[in-house]
Amino acid sequence: MVTITNAFEDKLDALASRGRLRRLNLPAGADFSSNDYLGLARSPELAARMIDALHRGVATGSGGSRLLRGHHEEHQALEEAAARFFGSERMLYFGGGFSANVAILSTLPQPGDLILHDMLVHASAHDGMRASRADVRGVAHNEAAAFEDAIRLWRKEGGKGHPWIVVESLYSMDGDIAPLADLAEIADRHDAFLVIDEAHATGVHGPDGRGLAAELEGRENVITLHTCGKALGAFGGLVGASRTLCDFLINRARPFIYATAPPPLQALAVLEALTLVQSRPERRTALQDLASFANRRIGERLGISTSRTQIIPIHLGEDAKAVRVAERLQSAGFDIRAIRPPTVPARTARLRITITLNVDQGTIERMVDQLAHILEDER
């Protein structure tokens, strides 16, 4: 019997046949897949402060959008403190990094402008750019000169608006770092805006954990996005920009105007997490030591080049092989997931290993030994 959902079942079957069917799996085993880099999501310090906040009556729900009754003192306190911490003229708190990216790129670039994006930027950036009325073009990964060449070509073709350069500071699937200083110089030369997604650098890299773009924050032509649900162990996304651009987002960004505001309790959680990042620098030091150890041991055992950051990709190429290796690692007690297209380009399926303070050197050593053994079997 044919049902209305048959076409969807056929598409799911096709994904399964290509090794690309996704399923929800509960966390199990040692954490090598989360973005909880500083171990704050379950930290006793953050939990104690949230319990105290509940006892003080901080609301668990906002009750509406920020422009209605959903704007609470916790949101305002967070944005003011975050602006001071990151060095931005103003900060705007969104319900997530995804919605913040969509808001920035669907709202700020104007008709007649040009958006140039690194080919490996987050999916949320692509969704925002698709909703933009500006021209959109992709640029080779981490090639600063290619951005400048693209701007010059656009001007030669008659482009009259502003260019927008869109990058991540630390790439989520490759673990490599963008040439931010070069890109900032290009932006300055060409009257362009530079949008920097700091999702995987916030709390971990830069002075006091302020990110890899800390030296650029506060410039009139720089917009940053600091995700709160990764190293900060909380929820939401903070957009840093000039007061004018933030006011424009408040008035025009649909993901801000029409979404229920993030819970006040979560705004307070982010504020407390920023306090912990500042007051406990030993967390960052410990993470950097673990990441260096993991990169060194993987390089030695597998004979591959690694990322030198807390995100370590193991490229396997074939979708099915990546799934198979990940499943064997999970069975051995290590929570490592396979990353497949369309999240990454075709034929670049990989394991994405993240290093967090939820593991120690001994656990990393055992994981590397198991990975080496499995990859030897797969040859």
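Starting at the first residue of segment 318-323, write each ³J(HN,Hα) from the Karplus equation 6.51 cos²θ - 1.76 cosθ + 1.60 with θ = phi - 60°, in whole Hz, x for Gly and Pro.
7, 4, 4, 5, 4, 5
At 0.36 nm per residue, minus the direct Cα-Cα distance, what do Glu376 and Ala320 gain on full extension? Give it in nm, one decimal, please. Please list the in-between numbers first.
Values: separation 56, 0.36 × 56 = 20.16 nm, distance 1.64 nm.
Result: 18.5 nm gained on full extension.
Quick one: which residues, 5 or more positions from Phe334 or on another chain, have an amide H under 5 Å from its amide H? H modelled 1.01 Å from N in the peptide plane, none for Pro or chain starts.
Result for Phe334 returns Ala30.
Quick check on segment 24-110: what are the equivalent-ellipsoid semi-axes from the Cα gyration tensor, as sqrt(5λ), descending, whole Å? Can you show the working numbers first?
Details: eigenvalues 136, 91, 46 Å².
Largest first, segment 24-110 gives 26, 21, 15 Å.
Short version: ³J(HN,Hα) in whole Hz for each residue of segment 220-235, in order, from phi by Karplus 6.51 cos²θ - 1.76 cosθ + 1.60 (θ = phi - 60°), x for Gly and Pro, what are they?
Values per residue, Gly and Pro as x: 4, 9, 10, 10, 10, 10, 10, 6, 9, x, 10, 4, 7, x, 10, 7 Hz.
Please work out whether segment 86-152 counts as rounded, prolate or oblate from its C-alpha gyration tensor, where a ≥ b ≥ c are the square roots of the eigenvalues and a/c under 1.5 means rounded, while otherwise a/b larger than b/c means prolate and anything else oblate? List each step's numbers first, then the result.
Working: a/c = 1.68, a/b = 1.50, b/c = 1.12.
Cα axes put segment 86-152 in the prolate bin.
Just the accessible area per residue of segment 80-178, please: how many Å² with a 1.4 Å probe? Write down the numbers at each step before the final one.
Details: 3800 Å² over 99 residues.
It amounts to 38 Å² per residue over segment 80-178.
Could you do me a favour and compute the accessible area per residue for segment 1-79, 1.4 Å probe, result in Å²?
On the way: 5500 Å² over 79 residues.
Here the residues of segment 1-79 average 70 Å² of exposed surface.
Which is the longest stretch in the chain that no exposed loop site breaks, taking sites as GluC sites (Glu not before Pro) with a DSSP loop state and at most 16 other Cβ atoms within 10 Å? Before the final figure, lay out each step's value.
Working: sites that count: Glu89, Glu143, Glu157, Glu215, Glu220, Glu318, Glu378.
In short, 221-317.
Using a probe radius of 1.4 Å on heavy atoms only, what accessible surface per residue do you get for segment 241-379? Whole Å² is fine. Working shown, then result.
Numbers: 6340 Å² over 139 residues.
Heavy-atom SASA per residue in segment 241-379 reads 46 Å².
With only alpha-carbon atoms in the gyration tensor, what are the semi-axes of the equivalent ellipsoid for segment 237-337, in Å, largest first?
Working: eigenvalues 285, 89, 47 Å².
For segment 237-337, the semi-axes come out at 38, 21, 15 Å.
For the chain, just list the percent of Cα-Cα distances falling in each 20 Å bin from zero outward, please.
Each 20 Å bin holds this share of Cα pairs: 27, 56, 17, 0.
Taking the highest mean first, how do the peptides 329-338, 248-257 order by number of other beta carbon atoms within 10 angstrom per residue?
Numbers: 329-338: 19.8, 248-257: 17.3.
Packing order, densest peptide first, comes out as 329-338, 248-257.
With every protein chain in place, what's the accessible area of Ile355 (1.4 Å probe, Å², nearest 10)?
Near enough 0 Å² of accessible area.
Scan around Gly96 for amide H atoms under 5 Å from its own, H built in the peptide plane at 1.01 Å from N, and keep only partners 5 or more places away or cross-chain.
Close amide H contacts, sequence-distant or interchain: Gly237.
Which ³J(HN,Hα) values, rounded to whole Hz and listed in residue order, are derived for segment 297-311 from phi using the Karplus coefficients 6.51, -1.76 and 1.60 in 6.51 cos²θ - 1.76 cosθ + 1.60 with θ = phi - 60°, glycine and proline given as x?
These are the phi-based 3J(HN,Hα) values: 5, 5, x, 5, 6, 9, x, 10, 7, 10, 8, 6, 10, 7, 10 Hz.
Heavy atoms only, probe 1.4 Å: what % of the accessible area of the chain goes to carbon and sulfur, would you let me know?
On the way: 8910 of 17460 Å².
Looking at the chain in its full context, I get 51 percent from C and S.
The values are calculated or read from the model by the stated rules, or taken from the named source; none is laboratory data. Values in this document were obtained by computation on a predicted structure and should not be read as measured data. Don't worry about glycine lacking a Cβ; one is built from the backbone with ideal geometry, like all the others, and counts go over all protein chains shown. When the accessible area is computed, the model is the full protein with side chains, heavy atoms only, and any ligands, DNA or RNA have been set aside. Shrake-Rupley method; radii C 1.70, N 1.55, O 1.52, S 1.80 Å.
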